[in-house]
Amino acid sequence: MISAKEALDKLIEGNRQFVTNVQQTKSRTGNTRRLELSGGQEPFAILLGCSDSRVPAEIVFNQGLGDLFVIRVAGNIVAPSQVGSVEFAAAKFGTRLVVVLGHTKCGAIKATLDELQQPSEDQSHNIRSIVDFIRPSVEGLLATELRHDHEALLEQAVRDNVRVTADHLRHGSDVLESLIKNDGLLVVGAEYSLDTGVVDFFDGLPNSQ
């Protein structure tokens, strides 16, 4: 298995190819590759991302079958099942890079901000649970001047939510803490731009990156 730094470089290069319209070669997505993977997998990166249909991780990073272990949930929240999924992949497959991938104009983040500013009475219990996971990441922003600029507020909230989620993975799991301390696991935060297709890695990067 490749190192976290090598995996990160691979994702950065894959996103560059995606943005410049260099297409994935069929060798990574065709029948031969599928058969190669029938006996097992060795994903080089773990992605915890949003369920938004416009942000499919394999396409955004120009990767193929078996390359990424992807966990997707609205607002890229970090509930116990998501933490367990990250733990499973990191421990089982030896994958040494975890990426928390948010994106611009995130509907789940916007819904949380809207709920905090104008609480609703008829919101689904299940949707409210997503809002409740995002709430601690963003509610402090409503006490700042950003509350007067909805666009800037949403932009900052998306990034703060990524940071909080990444930090939770680093410090909220004994399994992941041990892998970070002893086995080179790296957890980073990133944001995908719906307008440009560029992924900006902005949280938890190695000093040399």
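Going by amide H atoms built from the backbone, whose H comes under 5 Å of the H on Ala45, apart from near neighbours?
Here the answer is Phe69, since their amide H atoms fall under 5 Å of that of Ala45.
Sorted from largest down, give the three principal axis spans of the alpha carbons of the chain, whole angstrom values.
If we take the Cα atoms of the chain, the spans are 52, 39, 37 Å.
Enter the angle in degrees (range 0 to 90, nearest 10) between the Cα long axis of helix 150-171 and the first principal axis of the Cα atoms of the chain, meaning the one along which they spread out most.
Between helix and principal axis, roughly 50 degrees.
In degrees, nearest 10, range 0 to 90: what is the angle between the Cα axis of helix 107-117 and the longest Cα principal axis of the chain?
Helix 107-117 and the main axis of the chain meet at about 20 degrees.
Which log10 I(q)/I(0) values, to two decimals, does region 134-178 give at q = 0.13, 0.14, 0.22, 0.32 Å⁻¹ under the Debye formula with one point per Cα?
The computed values of log10 I(q)/I(0) come out as -0.35, -0.39, -0.70, -1.07.
Explain nothing, just the number: dipole magnitude of the chain about its Cα centre with +1 on each Lys and Arg Cβ and -1 on each Asp and Glu Cβ, in debye rounded to the nearest 20.
Here the size comes out at about 780 debye.
Over region 4-201, what relative contact order in percent results from Cα pairs under 8 Å that are six or more residues apart?
26
Relative to the longest principal axis of the C-alpha atoms of the chain, give the angle of the C-alpha long axis of helix 174-183, reported between 0 and 90° and rounded to the nearest 10°.
Helix 174-183 sits at roughly 50 degrees to that axis.
Any read-out appearing in this document is the output of simple, stated calculations on the displayed coordinates, not a laboratory observation. Just so we're clear, the structure is a prediction, and the values are computed from it rather than from any experiment. Cβ atoms come from the backbone with ideal geometry, glycine included; neighbour counts cover every protein chain shown.
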